[in-house]
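Trainee: Dropping the structure in here first, questions after.
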Amino acid sequence: MNTPKVRWRRHRILIPVLLSTLIITITLVTRAVDQPDPDEAGFLSPLATGEDGGSRLAASLAGRGVEVRRETDTLTALRATRSGPATLFIPAPQLLHPQTLDYLNLLPERTRLVLVDPPRRVLAAAGMPLRPAGRRWAARAVDPHLPGPCALPEVTGATAAVARQRYAPTGAPGSVDLCYSAGLARLPGPAESVVVGASDPFRNSRIDEWDNELFATALLATTGRVLWLDLDGPAPAPPTPSTVQASPPPEPEESLYGEPDDDQEELGAGGSTQSPAGEASPGNASGSGGPGREQSPNPLWSAFPPWFWALLAQLVLAALLVAAARARRFGPPTPEPLPVAVTGAETVYGRGRLYQRAKAQQSSAEVLRAAAKARLGRRLHLPADSPEAAAVVAAETGQSPDTVRELLDGDTPETDRELLTLADELDRVARGPHPPTVRPPLPRSSEGDLR
């Protein structure tokens, strides 16, 4: 009578756990789909029009009269900073080669370096007195004057989603200016460096939220010229000095929103017009061609949109939950009264069909032999596992003791036919020969007559 209550209590405990697991899984899948991967082609590219691209930011800068130059080679972008004031924008600093990180300390005056969410190794290799101090689940829109007055007047009126990765200074006090709840760090100097802790203000899908567009445009438009380093894969190693001397100076890419600089034209006029290895043409959005960009992503992942993989993961989770709900309950079996009476023949027949379906010849043989030994033990007044049972049975049936012993403790039958033969032999041995009935002699009189 208490079985339904016990079952309901178990389900009442299991349902919240399953719901919590479902919610957590959906949240993790949604976050994985929502957060962009800097290694993907088109991430914050001025030519990419997707959700994670930066074409809307490039158009906004061009609308303010800012020259935007797309560069796909690190050394070419660094050399371009020597021709005048410029903002070197690196949206994926983790893709820079370790041998080129030292060059970030050699930028000329009136240059602003903007790094988007750089990892710890990039900050250490670039010699910046800065370290990551904590990371949020997602970017949060905050006021710029947190924890104190912001040292960047061009962004003081913009509330932007910058606070995801927070930073802390490692050098002397005053060497780093923190804004946006430590989500933006400014390192003053002749060549100013700005570290932004989130990519949301620069992405096409988030640039309309809060004051993200105002923040990103004002941050990059201070010098009037933006050198946009567009890397869609790990950058190759820089050439050795011998290679640099032997090869002609490269010809830079044309500006996306304007004519190329005069100095850059003179640099490319003295040598070959062929672009260096690894540099892509401005019309190629992927920027492939160099040794560092030959690795293309798995076509299976790009063949379907992200929501397809999220839906597939949720369907798999739902199937697992259904399987767990229909699986065997936890704990030992609980005896329950049968709703109807079942005859013994039907029970034996049903159990035999289950053994047959499972192809459990070994289990069936063990059950038959155990039942035969029990019957023999009761008839011969011996324990079921007595070693004398085989000898006594052999004496009664006239068979060899080895034959009886093989029958009671032999090999497992391999086929159903052998199992049926074993069952017949065990039944015949268990029944045994019927001994003759011995009646006591009748009493007689002294004269020999029956009484």
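Trainee: Suppose we keep just the alpha-carbon trace of segment 106-239; what are its Rg and Dmax in angstrom?
Mentor: 14.4, 44
Trainee: Here's something else I'd like to know. At what distance in nm do the modelled label points of Thr397 and Ala59 sit from each other, each positioned 7 Å from its Cα along Cα→Cβ?
Mentor: 9.4
Trainee: Still on this structure, please answer the following. Take the alpha carbon atoms of segment 30-188, find their radius of gyration, then divide it by 2.2 N^0.38 Å using N residues; give the quotient.
Mentor: Working: Rg = 15.9 Å, N = 159, 2.2 N^0.38 = 15.1 Å.
Compactness ratio reported: 1.05.
Trainee: Given the Cα-Cα distance of Trp309 and Trp137 and 0.36 nm per residue of separation, how much length would full extension add, in nm? Can you show the working numbers first?
Mentor: Values: separation 172, 0.36 × 172 = 61.92 nm, distance 2.14 nm.
Using 0.36 nm per residue and subtracting the Cα-Cα distance, I get 59.8 nm.
Trainee: Place the peptides 126-133, 74-81, 189-196, 16-23 in order of packing, highest mean first, counting for every residue the other Cβ atoms within 10 Å and averaging per peptide.
Mentor: The densest-packed peptide leads the list: 74-81, 189-196, 126-133, 16-23.
Trainee: Another question, then. Given segment 82-174, report the % of alpha carbon pairs whose separation exceeds 21 Å.
Mentor: 42
Trainee: Using the Kirkwood formula over every pair of different C-alpha atoms, what hydrodynamic radius in Å results for segment 356-413?
Mentor: After inverting the pairwise mean of 1/r, the radius is 12.0 Å.
Trainee: Using a 1.4 angstrom probe, figure out how much accessible area segment 108-241 has per residue, in square angstrom, rounded to the nearest whole.
Mentor: With the other protein chains kept in place, segment 108-241 gives 38 Å² per residue.
Trainee: Give the peptides 221-228, 308-315, 387-394 in descending order of average Cβ contacts within 10 Å, highest first. Intermediate values should be presented prior to the final figure.
Mentor: Working: 221-228: 21.5, 308-315: 13.2, 387-394: 16.8.
Descending mean neighbour count gives 221-228, 387-394, 308-315.
Trainee: Something else about it: Can you quote the Å³ per residue value for the convex hull of the Cα atoms in segment 322-419, rounded to an integer?
Mentor: 185
Trainee: Another one. Report Rg(Cα)/(2.2 N^0.38 Å) for segment 24-110, keeping two decimals. Present the calculation step by step, with values, prior to reporting the outcome.
Mentor: Details: Rg = 16.0 Å, N = 87, 2.2 N^0.38 = 12.0 Å.
Normalised by 2.2 N^0.38 Å, the Cα Rg of segment 24-110 equals 1.33.
Trainee: Could you bin all the Cα-Cα distances of segment 52-100 into 10 Å bins starting at 0 and give me the percent of pairs in each, rounded to whole numbers?
Mentor: 20, 51, 27, 2
Trainee: Could you compute the FRET efficiency for Glu414 and Thr49, with r as their C-beta to C-beta distance and R0 at 56 Å, rounded to 0.05?
Mentor: 0.25
Trainee: How many nm separate the modelled label positions at Ala237 and Val342, each set 7 Å beyond the Cα in the direction of the Cβ?
Mentor: Once both label points are built, they end up 7.4 nm from each other.
The values are calculated or read from the model by the stated rules, or taken from the named source; none is laboratory data. Small disclaimer: the values here were computed from a predicted structure and weren't measured. Here the Cβ is made from the backbone with ideal geometry for all residues, glycine too, and neighbour counts use every protein chain on show. These accessible areas exclude ligands, DNA and RNA; they are computed on the full protein's heavy atoms, side chains included. Shrake-Rupley method; radii C 1.70, N 1.55, O 1.52, S 1.80 Å.
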